[in-house]
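Data block below; observations after.
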Amino acid sequence: MKKNDIIVGAIFIALGIFIFARTITYPSLEKGQPGPGLFPNLLAILFIAFATVLILKSGRPLSQEEIEAEATLGPRRISNALFVIAIVAVYVLAVDYVGFLITSTVLLFLLMIKLRVSILKSALASFGMTLFINLLFSKILRVPLPFGILGW
């Protein structure tokens with residue numbers, strides 16, 4: 001049993017409940033259009049769902065390999081964490097100039113390669129997720145994303 005997972009899961013469930021309780025009364029727009037509460041409510045539901053999964057998975061007994069892997073904080077784990085922070089910083093700095101589509105695809109691809117995902121899976125997943133997010137925000141939610149050098 002992983003006590004840290006239970007604690008983190010409980011924190012995210014509490015955070016999800018708090019967000020949901022605060023945003024449930026946000027108004028919706030006319031003609032049934034989703035209002036300002038849609039995104040925070042979805043986020044709250046995802047917090048609660050994934051935290052519940054984390055807590056349920058923490059109840060299974062650990063193998064000896066997992067116990068040894070958790071006990072050591074090796075240089076690979078530290079470099080992965082620092083790489084994620086660097087990717088987020090580069091994204092924030094580059095997205096307005098380069099554009100959402102290019103920046104997201106390239107940075108997701110690099111992140112997955114760093115985390116040892118195969119090249120084909122990395123390329124397909126980064127391209128697919130970027131297109132999905134672009135479709136969701138640009139077409140469905142009508143939130144403009146930076147075009148950057150594409151200039152559409």
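Here, each number is a calculation from the coordinates, and none is a lab measurement. Fair warning: this is a prediction, and the values are worked out from it, not measured in the lab. Cβ coordinates were reconstructed from backbone atoms using ideal geometry, including for glycine residues, and neighbour counts include every protein chain displayed.
Remarks
- Segments 118-125, 47-54 sorted - mean Cβ within 10 Å per residue, highest first: 47-54, 118-125
- Label-to-label distance for residue 46 and residue 123 is 2.7 nm, based on points extended 7 Å past Cα in the beta-carbon direction.
- For log10 I(q)/I(0) by the Debye sum over Cα atoms at q = 0.12, 0.15 Å⁻¹, the candidate list reads (i) -0.43, -0.69; (ii) -0.78, -1.13; (iii) -0.51, -0.82; the entry that matches the value derived from this model is (ii).
- In this rough spin-label picture, where each label sits 7 Å from Cα along the Cβ direction, the residue 139-residue 31 distance is 1.9 nm.
- Average Cα contact separation per residue, the chain, under 8 Å, 6 or more apart, as relative contact order %: 20 percent
- Shape of the range 86-142, Cα gyration tensor, a/c cut at 1.5: oblate
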